[in-house]
Amino acid sequence: MKKADHPFRFVTVSYLTRIENQTATTLGELRDGLEKCSGGSIFYHTFQSLGRHHFLTEGFSNDFAQWVLAALNYPVLAEQLAAPDIRGYLTLNDLRSDLLRITDDYCRSRSEEVGRVAFEPFYFCESVEVTIPHTSEAWTLEEFRRGLEHLSNQSFHYHFLVSRLRLGLRTNDFSLWFENELGLPTLAQRTNYIDVYTNTVEGARAKLFTFVDRELAA
Amino acid sequence: MNVTKAEVHVMRLDDYVPLLGAPEIDELRALAGQLSGRTVQMVNSTAMGGGVAEMLNRVIPLIQELGLQPRWDVITGGQDFFEVTKAFHNALHGGPYQARKEDFDLFLATNELNRQRLQFDCEFTVINDPQPVALIEARSKQEGHWIWRCHIDLSHPNADVWSFLRPFVYRYDAALFSSPAFARQLPIPQYLFHPCIDPLSEKNVDLDPEWVSSVLVRYGIDASRPIVTQISRFDRLKDPVGVVHAYQIVKRYMDCQLVLAGGSASDDPEGEIVLEEVRREAKNDPDIHLLNLPPWSALEINALQRASTVIVQKSLREGFGLTVTEALWKKKPVVASAVGGIPAQVIHKHTGLLVHSIEGTAYQIRFLLSNPALAQKLGEQGHDHVREHFLITSNVKRYLTIFLHSLTHS
């Protein structure tokens, strides 16, 4: 089994949710909020919401879509806002631009709905991230597997999804290390293709275990 | 006036591994490793009864095991002080209140007495709820980190009471709220801090079915027929009368029993009056069981929840609604008002059903009683939701995280 030149360093991550002083009670206000809110807020309501409700594989995985459906009862817009796959974005501003474009298009076509007051307000929040190095690091795939066993759901989510923003690449910490350090591009690609929308976080992790075990057995 | 040192029960972190897995507990240890030896003071207004005391009772030993040095102090005051704070509590929830100068004076005087008797020398001081909020006066120098933990719904506060309390809140380093909806426009950072339950406490631990049956027998409840339950203090904001009315609608269509079981807390003098109102509305219906339980009834409450077919929380206002958390943890289908922190727990049609009226409550109870498979699915998904977000270990993790964040941003 190949030994990496650089180890995979597992990270322990924990988040606080900071409640912003910004709320929306109409679609128009949501639109303005999308434009003005912090990147941390876009992150919280899209990337983080997927992790928060990871035990569900039904319903909308981002908070904007969920609110538009539940509080405004605009199912078409809700589906459109839920459509952007966060794995396709390298920066939060790109994601913000798409969410804004979708909302603007809808507002133009249904101007009568822009000012309707929602059943409950939307509260903009943002994530405050605290990370510390985990005690374990992996030099081989076997060690990686052992480390993965000791990773919490939140830290798995950090390496698997949040890493895209940090790396600015269409990949994740795991795949990057498999490919660059272990020379395992197929494992890297399979890992990157695990669908976080149709799997729970536990399900995604189970798939990664399966792929790693297959590689170890080969 | 004596300072009460609250009783602390001991539970070990390793006890949670079978429920949560080793990784979650290992990560708590990793985070706490950065805070070893740091001192923490928690202050609240009651040592027994109510969700805050319950939480502190469990959180503090775990923080201690993780290597920090926590202390729990309970403020004391006379009956008149707690009547004032109860009035403040209701007013902050939006209830009627006639501002009286003597109430504000008594509030300040009692806080001042507690300030003089308590010691404030920790690196992190967490003041729980409005009752002791004026203890911020003890912060003479800009030393240590002072955090106000507000467990109640401040979305529609009485203007007089909030204007009185607000200047104290402004002097904290941060405020913690159970839901974004509770946060005010404050110049200090506000964080979302879900309350929690302890899955190993007497109120939530798995029970022997024979014990559950024996509790039903003791209270004359028929185990063979559907049981609809609301566990809450007898408090108008929990709308026990509304629950009776919803039950009476359900009863027109299907057979069931109603259990209204409430504890009492030393800082709530209103319970007896509300219980009498409920008795009047129950009209001697033998299928309505009104149980005014003493504070040491955790196992009985646990048994009643486990024996229930549907659990209701029809609050008019709610801080967070830990009884909802308890019900979801027990995989029970829940019908609950969309108020306070309840929507954070009950994701409509995913982890339970949200309602807005007596009629809606009645309809959803009937729906769940008629659809047991869906009821079971909601209960199971609710359990997963609680496991992830609302257990004591998540709460400990949030405290560790805010302490770490405070240190790096001070």
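The values are calculated or read from the model by the stated rules, or taken from the named source; none is laboratory data. Note that the structure is predicted; figures quoted are calculated from it, not measured. Quick reminder, even Gly has a Cβ in these numbers, built from the backbone with ideal geometry, and neighbours come from all protein chains shown. Accessible surface areas use protein heavy atoms only, side chains included; no ligands, DNA or RNA. Shrake-Rupley method; radii C 1.70, N 1.55, O 1.52, S 1.80 Å.
When region B:158-188 is filtered for residues that are touching a Pro at 6+ places or on another chain (Cβ under 7 Å) and assigned to a loop (DSSP other than H, G, I, E, B), only B:SER178 remains. Can you name every residue in region B:41-65 that is over 14 Å from the mean Cα position of the chain (by Cα) and open to solvent by 20 Å² or more (accessible area, probe 1.4 Å)? Residues satisfying the conditions are B:GLN64, B:GLU65. Residues of region A:172-195 that are open to solvent by 20 Å² or more (accessible area, probe 1.4 Å) and among the β-branched types (Val, Ile, Thr): A:THR186 alone. Against the condition hydrophobic (A, V, I, L, M, F, W, C) and within 21 Å of the chain's Cα centre (by Cα), how does B:LEU354 come out, does it pass? In short, yes. Do we have B:GLU359 as facing chain A (nearest Cβ under 10 Å), in contact (Cβ under 8 Å) with a residue 24 or more places away in the chain and open to solvent by 50 Å² or more (accessible area, probe 1.4 Å) here? No: the conditions fail for B:GLU359.
Looking at this structure, is A:GLU120 in contact with an Asp or Glu (Cβ under 9 Å, 6 or more places away or on another chain), of a type in the set (D, E, K, R) and over 30 Å from A:ALA206 (Cβ atoms)? For A:GLU120, the condition - in contact with an Asp or Glu (Cβ under 9 Å, 6 or more places away or on another chain), of a type in the set (D, E, K, R) and over 30 Å from A:ALA206 (Cβ atoms) - is not met. Which of the residues belonging to region A:141-168 are open to solvent by 10 Å² or more (accessible area, probe 1.4 Å), assigned to a helix (DSSP H, G or I) and within 14 Å of chain B (Cβ to nearest Cβ)? Once the filter is applied, which keeps residues that are open to solvent by 10 Å² or more (accessible area, probe 1.4 Å), assigned to a helix (DSSP H, G or I) and within 14 Å of chain B (Cβ to nearest Cβ), region A:141-168 yields A:ARG145, A:ARG146, A:GLU149, A:ASN153, A:GLN154, A:HIS157, A:TYR158. The single condition from (1) out of contact with any Gly (no Cβ under 7 Å at 6 or more places or on another chain); (2) within 14 Å of chain A (Cβ to nearest Cβ) that B:PHE81 fails is (2). Among the residues making up region B:175-191, those that are in contact (Cβ under 8 Å) with a residue 40 or more places away in the chain, crowded, with 21+ Cβ neighbours inside 10 Å and at the interface with chain A (Cβ under 9 Å from one of its Cβ atoms) are B:SER179, B:PHE182, B:TYR191.
Restricting attention to region B:119-143 and to residues that are touching a strand residue (DSSP E or B) at 6+ places or on another chain (Cβ under 6 Å) and part of a loop (DSSP other than H, G, I, E, B), the residue that is modelled with the lowest pLDDT turns out to be B:ARG139. When A:SER97 is tested against the conditions (1) in a helix (DSSP H, G or I); (2) open to solvent by 30 Å² or more (accessible area, probe 1.4 Å); (3) among the small types (Gly, Ala, Ser); (4) touching a Phe, Trp or Tyr at 6+ places or on another chain (Cβ under 8 Å), the lone failure is (4). The residue pairs whose first member lies in region B:155-166 and is farther than 13 Å from B:HIS93 by Cα, whose second member is β-branched (Val, Ile, Thr) and at pLDDT 95 or above, and whose beta carbons are closer than 9 Å, counting only pairs six or more residues apart or on different chains, are B:LEU165/B:VAL133.
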